[in-house]
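Novice: If you scroll down you'll find the structure; I have some questions about it.
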Amino acid sequence: MKILRKIQGHDLSEKYLIELDDQNTVEAIYMCDPERTLTFSSTLCVSSQAGCAVGCAFCATGRQGFARSLEEKEIVGQVLLAVKDGGKKRMPLEAVVFAGMGEPLYNMENVTAAMLSLRDELGISRHELATAGVAPKIGEMARFSRETGIMIRLNLSLHAPTDEKRAQLIPLTARYDIKTLLNAAEEYAHMTGATVRVRYMLIRGLNDSEEDARALIRRLRGRPFKLILSGYNDNGIAGLEPVSRADIEAFYNRVKGEIPCGIFRSFGAEIAGGCGQLRRIYCENKRDGVEIW
Ligand code: SF4
């Protein structure tokens, strides 16, 4: 496998398009926070699958279909390539974030094997993992974390306060409803002792109303969660409209006195930071015979 393209952001983030040995491509993004305002100041977000079968409505990767799950060595390989590329000018990686292309809980065996290798070979034993919500696997991941001592901060993509609205964004909701998911996430928090981050991406007119905020508070209040708000990163997907920074802050002000909450600091927006965007541009240009992008 090799780095096919690299784009540098103004905020020190760097996005990689990586070609696997079978010519499938995946993305990884290095994120750096030299002011140390975040828990981890130097992370790499990696892909766990080439493409994704979950098909979230807002996601460029979900729209590209599913190729295959990555092997353990291909997940670790993304880290090795990025570490080698960054050289000594970068801070050492403090954590690996499993929030790139793919649903990591649908590739549990290789993801957990990669976490063990990262600990044993590179000394990295802290991770974040984002899931669209595969309820039974959340418990399995909690047991893995407890048995190995590897810290995995779970990020659950909720994005809507009702099953009806969430199903419009995340088709998996038909299999695992919000109640089931939040119960699984609460169990995860109790088993690992770590607060679960509940991710909520605001989309204009879909999940950003006063009523949505009240419904969200009812769902989350009193549970071991921290709500993390962000805005939909405009991928040009029909029917979805971004909100402004002021809208995010207004929603934050509605919920902040009721439940623990914060606003997501996004990296790499100007370098196609959203999952799957860089790969989509590359694949479209390749299909059209365009080399420069
Ligand atoms: S958001 Fe994640 S789970 Fe959903 S389609 Fe994109 S890669 Fe898959």
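Novice: Putting +1 on Lys and Arg Cβ atoms and -1 on Asp and Glu Cβ atoms, find which of A167, I152, A53 reaches farthest to the positive end of the dipole of segment 28-170.
Specialist: I152
Novice: Report, by chain and number, residues whose modeled amide H sits under 5 Å from the one on G9, excluding near sequence neighbours (fewer than 5 apart, same chain).
Specialist: Correct list: E14, K15.
Novice: What is the dipole size for the chain, taken about its Cα centre, with +1 at each Lys and Arg Cβ and -1 at each Asp and Glu Cβ, in debye to the nearest 20?
Specialist: 480 debye
Novice: Mark the label point 7 Å from the Cα of E258 along Cα→Cβ and return the residues of segment 177-191 whose backbone N is within less than 17 Å of it.
Specialist: Hits in segment 177-191 for E258 at 17 Å: 179.
Novice: Based on the Cα atoms of segment 137-177, what semi-axes does the equivalent ellipsoid have, where each is the square root of 5 times one gyration tensor eigenvalue, given in whole Å with the largest first?
Specialist: 27, 10, 6
Novice: Okay, moving on. May I ask you to evaluate 6.51 cos²θ - 1.76 cosθ + 1.60, the Karplus curve with θ = phi - 60°, for each residue of segment 91-101 and list the ³J(HN,Hα) values in order in whole Hz, giving x for glycine and proline?
Specialist: Going residue by residue, I get 5, x, 5, 9, 7, 10, 10, 8, 9, x, 5 Hz, with x marking Gly and Pro.
Novice: In µm²/s, what is D for the chain at 4 °C and 1.567 mPa s, where D = kT/(6 pi eta Rh) by Stokes-Einstein and Rh is the Kirkwood radius from Cα pairs?
Specialist: For these conditions, the coefficient is 67 µm²/s.
Novice: To make sure I understand the rule: partners must be lysines, Cα under 20 Å from the Cα of K165, and not fewer than 8 residues away in the same chain. Which ones qualify?
Specialist: Hits, sequence-local ones excluded: K179.
Novice: Identify all lysines with a Cα-Cα distance to K73 below 30 Å; exclude those on the same chain that are fewer than 8 residues away in sequence.
Specialist: Candidates past the 8-residue exclusion: K2, K6, K15, K84, K88, K89, K137, K286.
Novice: Please report the base-10 log of the normalised intensity I(q)/I(0) for segment 74-197, using a Debye sum with one equal scatterer per alpha carbon and no solvent, at each q in 0.21, 0.23 (1/Å).
Specialist: Evaluating at q = 0.21, 0.23 Å⁻¹ gives log10 I(q)/I(0) of -1.17, -1.33.
Novice: Next question, about the same structure. Among 250-261, 7-18, how do they line up by average Cβ neighbours within 10 Å per residue, starting with the highest?
Specialist: 7-18, 250-261
Novice: Another question, if that's okay. Quantify how much of the Cα-Cα distance distribution of segment 1-116 extends past 25 Å, in percent.
Specialist: 20 percent
Novice: Have a look at the DSSP beta bridges in segment 1-108 and tell me what percent are antiparallel, nearest 5.
Specialist: Counting DSSP beta bridges with both partners in segment 1-108, the antiparallel share is about 85 percent.
Novice: DSSP loop GluC sites (Glu not before Pro) in segment 134-213 with at most 10 other Cβ atoms within 10 Å of their Cβ, which ones?
Specialist: In loop regions of segment 134-213 (DSSP not H, G, I, E or B), there are no sparsely surrounded GluC sites (Glu not before Pro).
Novice: Next question, about the same structure. Projected area of segment 152-231, taken from the Cα convex hull and averaged over every viewing direction, in nm²?
Specialist: 5.1 nm²
Novice: Continuing with the same structure: So how far apart, in nm, are the two label points at Q8 and D177 if each is 7 Å from Cα heading toward Cβ?
Specialist: 5.2 nm
No value in this document is a laboratory result; all are computed from the given coordinates. Predicted model only: the values in this text are computed from it and were never measured. All Cβ positions, glycine included, derive from the backbone under ideal geometry; neighbour counts span all protein chains shown.
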